[in-house]
Amino acid sequence: MVTRTVDLRSDTVTKPTEAMRAAMANAEVDDDVLSYDPSALRLETEMAKVTGKEAALFVPSGTMGNLVSVLVHCNIRGSEVILGNNCHIHIYENGGISTIGGVHPRTVKNNDDGTMDIDLIEAAIRDPRGEIVFPTTRLICLENTQANCGGRCLSVEYTDKVGELAKKHGLKLHIDGARIFNASIALGVPVHRLLQAADSASVCLSKGLGAPVGSVIVGSKSFIAKARILRKTLGGGMRQVGILCAAALVALHETVLKLEDDHKKTKMLAEGLNQIKGLRLNVAAVETNIIFFDVVEGAKITAEKLCKNLEQHGILVMQESPVRIRAVLHHQISESDVQYALSCFKQALTGRVQEENGN
């Protein structure tokens, strides 16, 4: 019988805190489709300020936020967006930019650190003289942190260079900043500086920040005006949405301060996993709250069986491939949880239990 659960599947699994629940219960609300919800307006105003943009818009999900942003920039069907082959928009958002927007993705290889080589991005930009046969490049998308690369952070210097390249060719730059606050804390750089080169960005409220629902997209006033219409078109216009925005405001004020501790505990887990025979990972590549690790060939257990074994002990992780597993930490994982998880990993892989198992 499982008596303890340590959920490392994602930072999306957090439960609303008591402060969030209280804020939701007491939220001041109105009709947000008519732009009158005071709690939504407060959240959007604060997010615009934090990100250094003119305006912001609450959306139900990061997927919708990215889709709306791409469609605003690529408002002509047959437009092309350049993005990483390993990025969230390309892999995990149902191909929405193509199926709904008629936007063609042109991928560039993501390096291990989450970047794309600048020269490869430039080489992927279509020559306007070939528009009789080519799609028209209108947008470049980056992701910070880059989740599939293990939560790696894109530096200001790199993002600025991509922004300069976009301007050189008359393109727009969108940043999928689902975990931009994690990047900000890890790099010691304010969010607004990390997004300075971007024409738009999406910021998730329900990942590291721990709010129950939603994302915010930011950009110029004209961008947000167009985004608001597309949000309604896609079914994302909600009425008394201030109930959700109130929880997000609590997350913005309280949870951001906990991200540094999340990163420290993630490093602790990574270093512990690296000491267990049968597992392989690059501890130096763990920069924020995401760990990818492999079950090596010749280990006493497969990745699939390891995940099932861990689940029997209340440890929930996500299998990414036949050999690879992902663990993601958040503010509701304690140091004791990390130690307990490590003891369960060690028991599953070696048959021995650590004396300090976190109980």
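The values are calculated or read from the model by the stated rules, or taken from the named source; none is laboratory data. This one's a predicted model, so the numbers in the text were calculated from it and none came from an experiment. Don't worry about glycine lacking a Cβ; one is built from the backbone with ideal geometry, like all the others, and counts go over all protein chains shown. Only protein heavy atoms, including side chains, enter the accessible area calculation; ligands, DNA and RNA are left aside. Shrake-Rupley method; radii C 1.70, N 1.55, O 1.52, S 1.80 Å.
Here are some notes:
- Matching residues, segment 117-163, being of a type in the set (Ser, Thr, Tyr), open to solvent by 10 Å² or more (accessible area, probe 1.4 Å) and within 30 Å of Asn289 (Cα to Cα): Ser155, Tyr158
- Filter result for Ile185 (over 17 Å from Gly62 (Cβ atoms) and surrounded by 21 or more Cβ atoms within 10 Å (Cβ to Cβ)): yes
- For segment 79-180, the helices (runs of 4 or more DSSP H) that sit wholly inside it and include 2 or more residues that are within 19 Å of the chain's Cα centre (by Cα) and in the same structural domain as Leu205 (by TED's automatic domain parsing) are 88-91, 96-99, 156-168.
- Selection count, segment 145-179, where residues are free of Cβ contacts under 8 Å to residues at least 60 places away in the same chain and at positive phi: 1
- Positions within segment 107-116 being open to solvent by 70 Å² or more (accessible area, probe 1.4 Å) and touching a Lys or Arg at 6+ places or on another chain (Cβ under 8 Å), in sequence order: Asp112
- Count of residues meeting criterion [of a type outside the set (D, E, K, R), outside any helix (DSSP H, G or I) and farther than 21 Å from Val72 by Cα] in segment 181-212: 10
- Looking only at segment 325-350, and only at residues there that are among the polar types (S, T, N, Q) and open to solvent by 10 Å² or more (accessible area, probe 1.4 Å), the one that is nearest to Gly210 (Cα to Cα): Gln332
- Considering Glu287, Glu297, the condition of being among the acidic types (Asp, Glu), more than 25 Å from Thr159 (Cα to Cα) and not in a helix (DSSP H, G or I) is satisfied by Glu297 alone.
- Looking at Lys267, Lys300, just one residue is closer than 30 Å to Ala348 by Cβ, open to solvent by 20 Å² or more (accessible area, probe 1.4 Å) and at pLDDT below 95, and that residue is Lys300.
- Flag for Val283 being open to solvent by less than 70 Å² (accessible area, probe 1.4 Å) and within 26 Å of Gly214 (Cα to Cα): no
- If you go through segment 1-53 and keep only what is among the charged types (D, E, K, R) and buried (at least 18 other Cβ atoms within 10 Å of the Cβ), you end up with Asp7, Asp11, Asp32, Asp37, Glu44, Lys53.
- Sole exception among (1) in contact with a helix residue (DSSP H, G or I) (Cβ under 9 Å, 6 or more places away or on another chain); (2) closer than 26 Å to Lys265 by Cα; (3) modelled with pLDDT of 95 or more for Val2, by number: (3)
Residue-wise test of (1) touching a strand residue (DSSP E or B) at 6+ places or on another chain (Cβ under 9 Å); (2) open to solvent by 10 Å² or more (accessible area, probe 1.4 Å); (3) of a type in the set (S, T, N, Q); (4) within 30 Å of Met20 (Cβ to Cβ).
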| residue | (1), (2), (3), (4) |
| --- | --- |
| Cys245 | yes, no, no, yes |
| Leu252 | no, yes, no, yes |
| Glu260 | no, yes, no, yes |
| Asn274 | yes, yes, yes, no |
| Ile290 | yes, no, no, yes |
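- Scanning segment 24-43 for residues that are touching a Leu at 6+ places or on another chain (Cβ under 8 Å), among the aliphatic types (A, V, I, L, M) and under 16 Å from Ala55 (Cα atoms) yields a total of 1.
- Condition broken by Val59, with the remaining ones in (1) in contact with an Asp or Glu (Cβ under 6 Å, 6 or more places away or on another chain); (2) buried (at least 18 other Cβ atoms within 10 Å of the Cβ); (3) hydrophobic (A, V, I, L, M, F, W, C) satisfied: (1)
- Checked against (1) among the polar types (S, T, N, Q); (2) more than 18 Å from His263 (Cα to Cα); (3) part of a helix (DSSP H, G or I), Ser336 passes all but a single condition, namely (2).
- Filtering segment 239-284 to residues that are among the basic types (Lys, Arg) and either without any contact (Cβ under 8 Å) to a residue 12 or more places away in the chain or not in a helix (DSSP H, G or I) (or both) leaves Arg239, Lys264, Lys277, Arg280.
- Test: residue in segment 225-238 that is touching a strand residue (DSSP E or B) at 6+ places or on another chain (Cβ under 7 Å) and open to solvent by 10 Å² or more (accessible area, probe 1.4 Å): yes
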